[in-house]
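Read the figures in this text as sums done on the coordinates, not as results from a lab. Worth saying up front: this structure is predicted, and the values here are computed from it rather than measured. In this analysis, Cβ positions are derived from the backbone assuming ideal geometry, glycine residues included, and neighbour counts consider all displayed protein chains.
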């Protein structure tokens, strides 16, 4: 799909992977709608980008807010052609710990944000994408989700996070098949260890230990490298139904 002139909706677009993707797509001529809860960073990113960028404060666990954000995209730019789902959260907690069994509400919260929030954004974006004029390949839209290598290599204390990310991987091919008749592709990027704002809070000793586990390149991934993969998925018409590990060949150890 040609990026210039298209409208991209990006959940979690106020920082990290989402912000890097918003900036790259905008630089390539896309209109950008940033869906995020952070009503300081979100507008700041839009201000940095200038024209063709708007912010829609959104909690992806509230379907009315997801719908409202999609309406912002339609009202501002007339259509939605690209959705990039970057909103997510994690919470380390063992299945059974010293305090007892895993808190069930905590488990539900992570699944609700990462998996259900992703699917809710997909269903509404796809609903509007199907009305787009098709290009020469019959393509009307592209959906990109964010999973994690934890979908396969979940570490100790990651039951909720791994389950939510594995759910994203599991539904990717099904959604691609569901939406094939409408010319809408769906892929998932599964990052390894990336230098996101969340990772920046980690002590340097822990960061160095994690980086040492990555075969090559022997460093954390960069937000810009995630954005590069998102661009490739959008522009390459035969990438569909795939979950792509973006991880420097790491396979996570148990802890």
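Side notes on the structure shown:
- Among beta bridges from DSSP that stay inside segment 7-246, the antiparallel ones total about 5%.
- When the Cα gyration tensor is reduced to axis lengths a ≥ b ≥ c, the ratio a/c is 1.5 or higher for segment 101-241, and with a/b not above b/c it is classed as oblate.
- Peptide ranges 40-53, 159-172, 8-21 listed from the most packed, as the mean C-beta count within 10 angstrom indicates: 8-21, 159-172, 40-53
- Cα centroid of segment 9-28 to Cα centroid of segment 215-255, whole Å: 16 Å
- Were the residues from residue 208 through residue 95 laid out at 0.36 nm apart, the gain over their Cα-Cα distance would be 37.9 nm.
- For peptides 60-68, 208-216, sequence by mean Cβ density within 10 Å, most packed first: 60-68, 208-216
- Against the chain, whose longest principal axis comes from its Cα atoms, helix 63-77 is set at around 40 degrees.
- Residue 180 versus residue 44: modelled label distance in nm, points set 7 Å from Cα along the beta carbon direction: 4.5 nm
- Computed helical MRE - 222 nm, the chain, DSSP H runs ≥ 4 contributing -39500 (n - 2.57), nearest 500: -12500 deg cm²/dmol
- Debye log10 I(q)/I(0) at q = 0.16 Å⁻¹ for segment 7-246, Cα point scatterers: -1.15
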